[in-house]
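Novice: Got a structure here, written out as structure tokens. Questions coming.
Just so it is clear, none of the values below were taken in a lab; they were calculated from the coordinates. All values derive from a computational prediction rather than experimental measurement. When we count neighbours, we look across all protein chains shown, and the Cβ atoms used for this are built from the backbone with ideal geometry, even at glycine.
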Amino acid sequence: MYPELMVIPMREELVRAGIQEARTAEEVDAALAQPGTTLVVVNSICGCAAGKARPGIRLALANSASHPDRMITVFAGQDREATERARGYFDGHPPSSPSVAILRDGKLVYLMQRSVIEQSTSQDIASELMRAFEEFCAKTAA
């Protein structure tokens, strides 16, 4: 584990974007027990992938007409219990950090793994997340 002081800027980057930290397994479960869509970001200290993912996520949130109902982030290598619990909802997918998931009513409907993030620019990540927000989070008229 890295010293907490080192990861504060990486935590704050997502918190400033309106994403709530989930630092315990109970906080993850509470967020995912709520109906609707939840964005789950598995944050990481990795400069190569996470250094593109965080700006891409912020761009998507700032420029998308559709948003998840709630957004949480866990920090791999720091908040181990919370990260393990979040990954437990990503049925059939190996652990990946960073990663970005959308769950609807606690069920995984979208997952962007590290392998995709590494090969993308922040702008590419933002565009793909905006597409996913529109597909999975857009509110339909009653």
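Novice: With an 8 Å Cα cut-off and a minimum separation of 6 or more residues, compute the relative contact order for the chain in percent. Before the final figure, lay out the partial values.
Specialist: Numbers: 250 pairs, mean separation 46.2, N = 142.
This gives 33 percent for the chain.
Novice: Sticking with this structure for a sec: Suppose each label sits 7 Å from its Cα in the direction of the beta carbon; what would the L5-R131 distance come out to in nanometres?
Specialist: 4.3 nm
Novice: Next question, about the same structure. Using a 10 Å Cβ count of at most 15 others and DSSP loop calls, identify the longest part of the chain lacking such trypsin sites (Lys or Arg not before Pro).
Specialist: Numbers: sites that count: R16, K139.
Maximal segment without exposed cleavage sites: 17-138.
Novice: Per the Kirkwood definition applied to all pairs of different Cα atoms, how many angstroms is the hydrodynamic radius of the chain?
Specialist: Values: mean 1/r = 0.0677 Å⁻¹.
Hydrodynamic radius (Kirkwood, Cα only) of the chain equals 14.8 Å.
Novice: In nm, give the distance between the simple-model label positions of D91 and Q34, each being 7 Å from the Cα along the Cα-to-Cβ direction.
Specialist: Here the modelled spin labels are 2.3 nm apart.
Novice: What is the distance in Å between the Cα centres of the stretch 84-142 and the stretch 25-42?
Specialist: 13 Å
Novice: For the pair A62 and K107, what calculated FRET efficiency results from E = 1/(1 + (r/R0)^6), where r is the Cβ-Cβ distance and R0 = 41 Å, to the nearest 0.05? Could the numbers behind the result be given before it?
Specialist: Working: r = 27 Å, r/R0 = 0.66.
Result of the calculation: an efficiency of 0.90.
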